[in-house]
Amino acid sequence: MRIRVLTSQLVLLAGLTFSAVAVHADEVLVAVAANFIAPMEQIAAQFAKDTGHQAVLSSGATGAIYAKITNGAPFGVFLSADDKTPARLAKENHADATTDFTYAIGKLVLWSADAAKVDAAGKVLAAGQYKHVAIANPETAPYGKAAVEVMTKLNLYDQIKPKLVTGENIGQTFQFISTGNAQIGFVALSQVYKDGKITQGSAWLVPADYYSPIRQNAILLKRGNDNAAAKALMEYLKSAPANQIIESFGYAICFPSC
């Protein structure tokens, strides 16, 4: 009888413990720059395991996300592809400036789905043996802006401009190339890299001094001020588990300092 009573008490205690965790768990809607969606999916899964909180992800071009936030989209956290947009949101009173930090440094690659198309020095770009070059919209996507900087530095922009196809964001740009609609194009290293190697096709890792640093910042938005999951995620992005995932996709870490 004592064993049965004790067992029942343990089951009840376990249920109460689970309920307590569930009560304190929260959910946050997170706006994520398109280049960072793959690592963020892994971070969100680990975040849920470690904290019980849920991060619901929505991705797009940084400029497009900015427009959604200023028009009232219910995001609690924003992971941008640059450092200027979060600062702008803070200045316009849409975000908490004290939470703004660089969670990753992005890297640009010239990539082709064809394993033999892009050489290690990127000479294919000047050779011109292609119909189309894909880039993200330089007006809204930092990686697109960086691509224009690279072509300009190489004195190739005027030559390549008639062949450019522009994706709404870096995700769509990747699709243009992966489907063969563009033979080559500029994408984020994270889209074609995992655990120390290019996962598919061929690529040229563009030297970092060919374009302005792509400092990717995260910021707590006003709608996340009273959200436990939002605040917990901002801290989790600085943690060792998150940093390990970020680096595995080819980003450089810039926390606590650069």
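Of everything in the range 211-228, what is of a type in the set (Lys, Arg) and in a strand (DSSP E or B)? Give them in sequence order.
Of everything in the range 211-228, just one residue is of a type in the set (Lys, Arg) and in a strand (DSSP E or B), namely 215.
For the range 221-231, does any single residue satisfy the condition of being more than 18 Å from residue 124 (Cα to Cα), outside the structural domain of residue 145 (by TED's automatic domain parsing) and touching a helix residue (DSSP H, G or I) at 6+ places or on another chain (Cβ under 6 Å)?
Yes, because at least one residue in the range 221-231 is more than 18 Å from residue 124 (Cα to Cα), outside the structural domain of residue 145 (by TED's automatic domain parsing) and touching a helix residue (DSSP H, G or I) at 6+ places or on another chain (Cβ under 6 Å).
Take residue 207 and decide whether it is at pLDDT 95 or above and out of contact with any strand residue (DSSP E or B) (no Cβ under 6 Å at 6 or more places or on another chain).
yes
Output the qualifying pairs, or none if there are none: Cβ atoms under 7 angstrom, residues six or more apart or on different chains, first residue in the range 93-118 and polar (S, T, N, Q), second residue assigned to a strand (DSSP E or B).
Once the first residue is polar (S, T, N, Q) and sits in the range 93-118, its partners that are assigned to a strand (DSSP E or B) give 99/219; 99/220; 102/215; 102/216; 102/217; 112/184; 112/202.
Take the range 183-202 and flag every residue that is of a type in the set (A, V, I, L, M, F, W, C) and either part of a helix (DSSP H, G or I) or crowded, with 24+ Cβ neighbours inside 10 Å (or both).
184, 186, 187, 188, 189
Restricting the range 101-130 to residues that are more than 21 Å from the chain's Cα centre (by Cα) and of a type outside the set (A, V, I, L, M), which is nearest to residue 220 (Cα to Cα)?
In this case the residue turns out to be 122.
Name the residues in the range 229-258 that are among the aliphatic types (A, V, I, L, M), part of a helix (DSSP H, G or I) and under 30 Å from residue 148 (Cα atoms), would you?
Residues satisfying the conditions are 245, 246.
Could you look through the range 148-173, keep only residues that are without any contact (Cβ under 8 Å) to a residue 60 or more places away in the chain and of a type in the set (A, V, I, L, M, F, W, C), and pick out the one that is nearest to residue 62 (Cα to Cα)?
This residue is 148.
Any chance you could count how many residues in the range 66-112 are over 20 Å from residue 137 (Cα atoms) and either at pLDDT below 95 or assigned to a loop (DSSP other than H, G, I, E, B) (or both)?
11
Name the residues in the range 27-64 that are surrounded by 18 or more Cβ atoms within 10 Å (Cβ to Cβ) and over 20 Å from residue 175 (Cα atoms), would you?
28, 29, 30, 31, 43, 44, 47, 51, 53, 55 - these are the residues of the range 27-64 that are surrounded by 18 or more Cβ atoms within 10 Å (Cβ to Cβ) and over 20 Å from residue 175 (Cα atoms).
Can you tell me which residue among 233, 220 is over 15 Å from the mean Cα position of the chain (by Cα), surrounded by 15 or more Cβ atoms within 10 Å (Cβ to Cβ) and modelled with pLDDT of 95 or more?
Step by step, each of 233, 220 is checked, and only 220 is over 15 Å from the mean Cα position of the chain (by Cα), surrounded by 15 or more Cβ atoms within 10 Å (Cβ to Cβ) and modelled with pLDDT of 95 or more.
The values are calculated or read from the model by the stated rules, or taken from the named source; none is laboratory data. The shown structure was predicted, so the numbers you read here are calculated from the model rather than taken from an experiment. When we count neighbours, we look across all protein chains shown, and the Cβ atoms used for this are built from the backbone with ideal geometry, even at glycine.
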